[in-house]
1. Keeping to region A:370-388, report how many residues are assigned to a helix (DSSP H, G or I), of a type outside the set (A, V, I, L, M) and at pLDDT below 95.
2. What tally of residues in region A:335-347 results from selecting those that are touching a helix residue (DSSP H, G or I) at 6+ places or on another chain (Cβ under 9 Å) and either within 12 Å of RNA strand B (Cβ to nearest atom) or free of Cβ contacts under 8 Å to residues at least 24 places away in the same chain (or both)?
3. Filter region A:30-58 down to the residues that are outside any strand (DSSP E or B) and among the aliphatic types (A, V, I, L, M) and list them by number.
4. Can you tell which of A:A53, A:A118 is within 14 Å of RNA strand B (Cβ to nearest atom) and under 26 Å from A:V140 (Cα atoms)?
5. Tell me the residue from A:I116, A:I174, A:I144 that is within 30 Å of A:R211 (Cα to Cα) and either among the aliphatic types (A, V, I, L, M) or modelled with pLDDT under 95 (or both), please.
6. Against the definition (β-branched (V, I, T), part of a loop (DSSP other than H, G, I, E, B) and within 10 Å of RNA strand B (Cβ to nearest atom)), how does A:I168 come out, yes or no?
7. Picking from A:E163, A:E138, A:E143, which residue would you name as being surrounded by fewer than 17 Cβ atoms within 10 Å (Cβ to Cβ), in contact with a Ser or Thr (Cβ under 6 Å, 6 or more places away or on another chain) and assigned to a helix (DSSP H, G or I)?
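The values are calculated or read from the model by the stated rules, or taken from the named source; none is laboratory data. None of the values given here were measured: they were computed from a predicted structure. With ideal geometry, Cβ positions are generated from the backbone for all residues, glycine too; neighbour counts draw on all protein chains shown.
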Amino acid sequence: MVRTRIAPSPTGEDIHIGNLYTAYINWVFAKKYDGKFIVRIEDTDRSRLVAGAEDKILSSLKAFGIEADEDVLKGGEFEPYRQSERLEIYKKHVLELVDKEKAYYCTCTQDRLDFIRAKMQKEKILPRYDKHCLSKQEEVKKEISEGKKYVIRLNVPVDEIVEFEDVIRGVISINTSSLDDQVLLKSDGFPTYHLAVVIDDHLMEISHVIRAEEWISSTPKHILLYQAFEWDLPIFAHVPILRNPDKSKLSKRKNPVWASWYLEEGFLPQAVLNYLSLMGWSHPEEKDIFDTEEFINTFTLERISPVGPVFDIKKLTWMNGQYIMRLTDEDLKTKILDFFKNENLDEEIVAKSTPLIKERIKTLKDYLNIAKFLFQKPTEYEISLMDKKNIIAQILRKVENIDDFSAKNIGDCLQPLAVKLEVSNSDFFMTLRVVMSGKKITPPLSESMEILGKDECLERLRAAILD
RNA sequence: GGCCCCAUCAUCUAGAGGCCUAGGAUACCGGGCUUUCAUCCCGGACACACGGGUUCGAAUCCCGUUGGGGUCACCA
């Protein structure tokens, strides 16, 4: 049984786009093998907890269609799915490790820790805990019974090789001498990530740990824990970290990183997911555009490349445009209406204009940029109409006499006027375009005028003359 | 800095020894279509980091160098 998970921390505004990426890979992998996808909330850092973050993460995941089979809302066989509610479990297990002498109590103060760290740094040796408390456990236990604050540390063996296999990168081996005696249980009684992740992944029967590359260097600690507990290892796959254009880890300083930002900018979930699937992975037939179902069918972990890809919003934007073009008119109308629900747009106008703007917008947000004039009169003109008054007056007279106000007929009636006035087509229609919309770039003119209707067009022509 | 991971156009990538005078996509530049813009079509410029091996033959395998990234917390 394939069981995958993501373990977001409610410490930010929303789910990070990089986490959305790993979530998608995990979800797709589970779907491909008829497995289960679990969302586990890792809220063990009480100091960085952000109120509302958990809800936001869950709702964003849902907005992108990545639904968990087991999570804090749905529950499941292995609940609770919030780590702060599993404290007893961690405690019990870590004590087991102490019994086995794989872990030990430590009552060192932060001051002492800071001191030895500084000293080691000065001596240019790797700063890490010096196992000071390990040799005097009885004494330490006595201190603890007297109420002294303590942590429990992993007793990392000296100078051993820890090896594990990563599906994407092959065998990775690290000497334990580069590992610290990691704190497993913090003094507030909460586990650290390293303890909690191993226990939960085991207890929740996670078969494949698919997570970001930044976890590679702490995986040996996890291996040591699995060995200490005498548990079987899951399969590890470390997917690449998404990068800023300067190749550093994707960060909010340099890029929009919150998943919901993309939705707010008018990107379609499917387009974002499709783009994300191309990060470190490519379709065997070199396709760019494909839906989730096809991704599930063709995806393999082995095909993920270990190279960290730059997140290129330009290509995402192109892809989003492609998705918008492929939407049915009805579907696009609904999406635009929903996107601009606060604007209370006239549904009929949106419906009529949708086919006109379909190939012209890259995001839903672009819609009003290009079509706003259909809902309201221009407030200014991008081109001066001062020396065009005569032309406009002639157009006005002509338009007054058009009875069949269809796009085709409007064009047919106006075209001869351009010839008669000896004005080039582009000049003539640009003038009219600006009169109608105020802008130089618009959807097709005759069609737009048809949507506006004869009366509205006449009003705009008169307004332009008076301007 | 130690350890670990990585290395094909600006970017995402194809490529698993001969099919590669390296293919596609985005972006960019030019042209066509066109009542603006967009779509669409055609064309262009642009890459195997470097140095050693192995081999009849290397973008592909090995080693080194360089470069980039990650990680070294009672954060995840």
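1. Of region A:370-388, the ones assigned to a helix (DSSP H, G or I) are A:370-374, A:386-388.
Next, from what is left, pick out any that are of a type outside the set (A, V, I, L, M): A:372-373, A:387-388.
Next, from what is left, pick out any that are at pLDDT below 95: A:387-388.
Total meeting the criteria: 2.
2. The initial filter retains those residues of region A:335-347 that are touching a helix residue (DSSP H, G or I) at 6+ places or on another chain (Cβ under 9 Å), namely A:335-337, A:339-340, A:343, A:345-347.
Now narrow it down to the ones that are either within 12 Å of RNA strand B (Cβ to nearest atom) or free of Cβ contacts under 8 Å to residues at least 24 places away in the same chain (or both): A:337, A:347.
Residues flagged as touching a helix residue (DSSP H, G or I) at 6+ places or on another chain (Cβ under 9 Å) and either within 12 Å of RNA strand B (Cβ to nearest atom) or free of Cβ contacts under 8 Å to residues at least 24 places away in the same chain (or both) within region A:335-347 amount to 2.
3. Quick first cut of region A:30-58, residues outside any strand (DSSP E or B) only: A:30-35, A:40, A:42-58.
The answer is A:A30, A:L49, A:V50, A:A51, A:A53, A:I57, A:L58.
4. Working: A:A53 fails: under 26 Å from A:V140 (Cα atoms).
Matching residue, one of A:A53, A:A118: A:A118.
5. Values: A:I116 fails: within 30 Å of A:R211 (Cα to Cα); A:I144 fails: within 30 Å of A:R211 (Cα to Cα).
Exactly one residue qualifies, and that residue is A:I174.
6. Details: β-branched (V, I, T): yes; part of a loop (DSSP other than H, G, I, E, B): yes; within 10 Å of RNA strand B (Cβ to nearest atom): yes.
Here the answer is yes, as A:I168 does meet what is asked.
7. Working: A:E163 fails: assigned to a helix (DSSP H, G or I); A:E138 fails: in contact with a Ser or Thr (Cβ under 6 Å, 6 or more places away or on another chain).
Just one listed residue meets the conditions, A:E143.
Yes/no per residue for (1) under 21 Å from the mean Cα position of the chain (by Cα); (2) surrounded by 16 or more Cβ atoms within 10 Å (Cβ to Cβ):
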| residue | (1), (2) |
| --- | --- |
| A:Y33 | no, no |
| A:R48 | yes, no |
| A:I57 | yes, yes |
| A:E67 | yes, no |
| A:V94 | no, yes |
| A:Y105 | no, yes |
| A:Q110 | no, no |
